[in-house]
Structures are given as C-alpha cells and as structure tokens.
Amino acid sequence: MHLKSFDGVSILSVLVGVDGVPRDVCLKKAAGYDLDEKAAQAAWKYRFDPAMKDGKPVPARITIEVNFRLY
C-alpha cells in the first residue's frame, strides 16, 4: 500500500530499573506499519535517570509516546 503521508503514535510502557536501563518494553497503542517495532527497538537503547524514593533509586514504569509523521 502506498501512502502519501502518515501520522501515527506508538505508546510504550517501559519498566526502568534502578540502573536506568529498560527492563521491560510493552506496546500500549499501535501506530501500525511496523513502526511500533522500531519504536520499541529504540526504547531498549534509551538510558534514564532512575526514579528515587527516600533518596534511593527504585524501579518505575514510565510511558513513552513516539510520534511518527511520514511524508
């Protein structure tokens, strides 16, 4: 299928470990056209500042929105 343009959003849920490295990446909303897989692959490469509780790093789940605009 040939598209003139495409706008889409992938929403990912990511569990970030105490070291700031993603431990789990789950797709919550799909953009389609294999873009979701690319968004997840990129999220696995991200590094974060860990969440803190009582001055200590703790694992936390975050949401990442990846916007696609193809022309």
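A short reminder: the numbers here are calculations on the coordinates, not readings from a lab. The structure displayed is predicted, hence computed values, not measured ones. Backbone-built Cβ (ideal geometry, glycine too); neighbour counts: all protein chains shown.
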- Message: Filter the stretch 48-65 down to the residues that are exposed (fewer than 12 other Cβ atoms within 10 Å of the Cβ), within 11 Å of Val18 (Cα to Cα) and under 16 Å from the mean Cα position of the chain (by Cα) and list them by number.
- Response: Asp49
- Note on the structure: When the stretch 1-41 is checked residue by residue, the ones that are of a type in the set (Gly, Ala, Ser) and within 20 Å of Tyr71 (Cβ to Cβ) are Ser5, Gly8, Ser10, Ala31, Gly32, Ala39
- Go through the residues of the stretch 11-19 one by one and say whether even a single one is exposed (fewer than 13 other Cβ atoms within 10 Å of the Cβ) and of a type outside the set (Ser, Thr, Tyr). yes
- Item | Extreme residue, farthest from Lys4 (Cα to Cα), among residues of the stretch 32-55 that are assigned to a strand (DSSP E or B) and free of Cβ contacts under 8 Å to residues at least 12 places away in the same chain | Lys53
- Task: Could you list all residues from the stretch 1-31 that are touching a Ser or Thr at 6+ places or on another chain (Cβ under 9 Å) and either in a loop (DSSP other than H, G, I, E, B) or free of Cβ contacts under 8 Å to residues at least 40 places away in the same chain (or both)?
- Result: Asp24, Val25, Cys26, Leu27, Lys28, Lys29, Ala30, Ala31
